[in-house]
1. With both partners inside the chain, how many of the DSSP beta bridges are antiparallel, as a percent to the nearest 5?
2. Multiplying the sequence separation of Met1 and Arg34 by 0.36 nm and subtracting their Cα-Cα distance, what value in nm do you get?
3. Within the range 9-123, what whole-number % of the accessible surface is contributed by carbon and sulfur, with the 1.4 Å probe and all protein chains included in the calculation?
4. Ordered by residue, what ³J(HN,Hα) values in Hz, to whole numbers, does the range 41-54 give under the Karplus form 6.51 cos²θ - 1.76 cosθ + 1.60, where θ = phi - 60° and Gly and Pro are x?
5. Checking the cross-link filter: which lysines have an alpha carbon closer than 25 Å to that of Lys109, excluding same-chain neighbours under 8 positions apart?
6. Find the centroid of the Cα atoms in the range 55-133 and in the range 2-37, then give the distance between the two in whole Å.
7. Taking the solvent-accessible surface of protein heavy atoms with a 1.4 Å probe, what is the per residue accessible area of the range 1-90 in Å²?
8. Using per-residue counts of other Cβ atoms within 10 Å, averaged over each peptide, order 15-26, 38-49 from highest down.
Amino acid sequence: MPQQITKGYRQLVDEANAIVEEIDVDRARDLYGREDVQFVDIRDIRELEREGRVPGAFHCPRGMLEFWIDPASPYAKPQFQQDKHFVFFCAGGLRSALAARAAQEMGLKPVSHLKGGYGAWRAAGGATEPLPPKRPPA
Ligand SMILES: O=S(=O)([O-])[S-]
């Protein structure tokens, strides 16, 4: 018997957007580069390799999000212990809505996510760069 999904991804994203600040690319460009703002790229590493990245953005794969945010976790990252405004983005703005919601629920603040994601950022001429080539294993 097929599974009965009772809440689809669209509803999850809509619920997240109802409680998380969604910013457009113009606002993101205003925030970009400020000392008190941390961009967080939650895309998969393969997406960064393929599409490039936003210079200065911290790469946090979505799967590690909660563990990297929580200082009580053995995987906690100092980037999330800063007193900054965190701007999450993904490729198109769906995953980042869910990620920003989780981060906000954990107490991170302030938190926003970028409507349209990296795609919108790049289309608007936002700064990007290729990922540096991988070093061969020593
Ligand atoms: O999550 S997504 O908007 O990058 S497909």
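The values are calculated or read from the model by the stated rules, or taken from the named source; none is laboratory data. Everything numeric here is computed off the predicted structure, so don't read it as measured data. No Cβ is skipped: glycine too gets one built from the backbone with ideal geometry, and neighbour counts run over all protein chains shown. Only protein heavy atoms, including side chains, enter the accessible area calculation; ligands, DNA and RNA are left aside. Shrake-Rupley method; radii C 1.70, N 1.55, O 1.52, S 1.80 Å.
1. Around 5 percent antiparallel, to the nearest 5.
2. Result for the pair: 6.6 nm of gain on full extension.
3. 50 percent
4. Per-residue couplings from phi come out as 9, 9, 5, 5, 4, 5, 5, 5, 5, 7, 9, x, 9, 8 Hz.
5. Hits, sequence-local ones excluded: Lys77, Lys84.
6. Between the Cα centres of the range 55-133 and the range 2-37 lies a distance of 11 Å.
7. Here the residues of the range 1-90 average 61 Å² of exposed surface.
8. Highest to lowest by the protection proxy: 38-49, 15-26.
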